[in-house]
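Heads up, the thing below is written out as structure tokens.
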């Protein structure tokens, strides 16, 4: 039942998202533009050996953007569409209904990684030689899943904020920056380090780069997955609280 | 105050207040100040990593480009939202001067863009040790003013297209992000492939940013006046095209009864 619910929900939302021009922009065009900017910048700075590094980073930026905009406003969107009461009233726990949606938004980010890798290969001559393909094959879905779980946490907390979309705008660049997707953390102030440790994209990016460039990705993969579990637990608690308050105050459908 | 002036000023302010959720201070801060703040930090640190240019290059480029957030998105919403919210027919049913209706909407976004840009420079001064010579600041203000006006003109054009197009915000987003690539914001225009550089030179922002960088480097305003005049002329061309499209779409909408048809 739960597996079927997850699978059908994930597929349904993924199909819906791929029909949205906004998500095509966020998950394909925007990462390509940012990848191009970074490619030109590193080439201009004579760091052309880092093109694959940049392509992977720009791809994961797209995963984060898709998760942020897709999951951050997930509950609000259901509200606006008038489907929130149906989802909350359905027999399965609300978290089991919402998780496929947030994982679907992160999954959409796979387009970003593919797009930036191919863009880098075709137009900038970036190599596509991965040192540990097996580790990469594990690191990528783990990162996507844990970002989807982070999306659940975003969805369950952003619902408290009436203008969640504006908050999503605010969080795009800072997370790109503090998780070291393009800029190495060593260039940032020391206090950024602890913030980056609690964000799954940090470990996902490290795992993907270790797999691509020849490190040992398994510890980062484990950390990324562990953080994903923590996000689900926290998200479930926040969702239960949201559901209880919405029922008590009869505010479930109020926008 | 004459009727036309009232439509220009009061209409513009009401449109700004009505069409934006930014009346809420929290939302304004996150969208119009928070996002530019982190954009400037992100690209400056990326520039340090890439080693392609010094900090000042990225600070000036991005602090001037963030004015386009108000110019592009703001103006697009200011015009195209009339159709989306169902207020276009009553608006165009009035006998008010069309040029005053149209251009009045630009004024709040120009002021807003200048404010956001100034905030960006302030942030750079606070966090990134950006300190241009005090004497260069008035000239920099002129460069920001001209550049913001031309960005607003581009926003007018996209907004006018939004009177006919189904999803104009896709276009607005795409243009905003492409400006980061082709307008010399983070990559010098002459380092881009020729065709990309040529596109950039036809868009607002490119010449204004180049002027801004020269001013910060100590060049007097008189020496960059050519760049600023070019920037202003580009803006004027976009504004003219935008107004012409606005009138064409208004006439077409009346003729085909399709003002608010999607």
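All of the numbers you see were taken from the coordinates with simple rules; none came from a lab. Source: prediction; values computed, not measured. Neighbour counts run over all protein chains shown; Cβ positions are idealised from the backbone, glycine included.
Brief remarks follow.
- GNM remark for chain B: springs join alpha carbons under 10 Å apart, and the peak mean-square fluctuation among B:241, B:134, B:165 falls on B:134.
- Rounded FRET efficiency, nearest 0.05, which uses the C-beta distance separating residue B:2 from residue A:128 and R0 of 60 Å: 0.35
- Highest-MSF residue in chain A out of A:41, A:149, A:205 [GNM, Cα springs under 10 Å]: A:41
- Computed extension length for residue B:221-residue B:170: 14.7 nm, one decimal, from 0.36 nm per residue of separation with the Cα-Cα distance subtracted.
- Projecting label points 7 angstrom from Cα along Cα→Cβ for residue A:191 and residue A:137 puts them 4.5 nm apart.
- Per-residue mean of foreign Cβ neighbours for A:19-30 is 3 (Cβ atoms of other chains, 10 Å radius).
- Solution diffusion estimate, µm²/s, Stokes-Einstein, segment A:1-74, Kirkwood Rh from C-alpha pairs, 20 °C, viscosity 1.002 mPa s: 154 µm²/s
- Tilt relative to chain A, helix A:218-249 - C-alpha long axis, 0 to 90 degrees, to 10: 20 degrees
- Spin-label model, residue B:244 to residue A:21: label points 7 Å out along the Cα-to-beta-carbon direction sit 2.4 nm apart.
- Top of A:71, A:112, A:36 by mean-square fluctuation, Gaussian network on chain A, Cα under 10 Å: A:36
- Taking all pairs of distinct alpha-carbon atoms in segment B:35-148, Kirkwood radius in angstrom: 15.8 Å
- Shielding by other protein chains, B:46-58, mean Cβ within 10 Å: 5
- The convex hull defined by the C-alpha atoms of segment B:84-172 has an orientation-averaged projected area of 7.7 nm².
- Cubic angstrom per residue, convex hull over Cα atoms of segment A:90-247: 135 Å³
- Angle between chain A longest axis and helix A:30-44 axis [Cα atoms, degrees, rounded to 10]: 20 degrees
- Zone of residue A:250's modelled label, taken as backbone nitrogen in segment A:83-106 under 20 Å from a point 7 Å along Cα→Cβ: A:83-90
- Other protein chain Cβ atoms within 10 Å, averaged over every residue that makes up B:27-39: 5
- Once the Cα atoms are used to define both axes, helix A:94-108 deviates from the longest principal axis of chain A by about 30 degrees.
- A crude spin-label estimate for the pair residue A:216 and residue A:77, with each label 7 Å from Cα along the Cβ direction, gives 4.0 nm.
- Solution diffusion estimate, µm²/s, Stokes-Einstein, segment A:164-255, Kirkwood Rh from C-alpha pairs, 10 °C, viscosity 1.306 mPa s: 102 µm²/s
- Mean sequence separation of contacting Cα pairs (under 8 Å, at least six apart), scaled by the length of chain B, corresponds to a relative contact order of 26 percent.
- Over segment A:39-144, relative contact order from alpha-carbon pairs under 8 Å, at least 6 apart, %: 40 percent
- In plain terms, the residue of B:207, A:13, A:132 with the fewest other Cβ atoms within 10 Å comes first and the most crowded comes last, giving A:132, A:13, B:207.
- Working from Cα pairs under 8 Å separated by at least six residues, relative contact order for segment A:2-249 is 25 percent.
- Rounded D (µm²/s) - segment A:82-176, Kirkwood Rh over Cα pairs, Stokes-Einstein at 4 °C, 1.567 mPa s: 81 µm²/s
- Length released on extending from residue A:96 to residue A:3, taking residue separation times 0.36 nm less the Cα-Cα span: 32.5 nm
- Gain on full extension, evaluated as 0.36 nm per residue between residue B:233 and residue B:89 minus their Cα-Cα distance, stands at 48.6 nm.
- For segment A:10-142, the alpha carbon convex hull comes to 108 Å³ per residue, rounded to a whole number.
- When the helices of chain B are scored as -39500 (n - 2.57) per DSSP H run of n ≥ 4 and the total is divided over every residue, the value at 222 nm lands at -21500 deg cm²/dmol.
- Protection proxy ranking of A:234-241, B:135-142, A:86-93 - average other beta-carbon atoms within 10 Å, highest first: A:234-241, B:135-142, A:86-93
- Summarised in one figure, the compactness ratio Rg/Rh of segment A:110-159, Cα atoms and Kirkwood Rh, is 1.15.
- Binned Cα-Cα distances of the protein assembly as shown, short to long, each 20 Å bin given as a whole percent: 22, 53, 24, 1
- In segment B:3-256, the convex hull through the Cα atoms has an average projected area of 14.0 nm², a quarter of its surface area.
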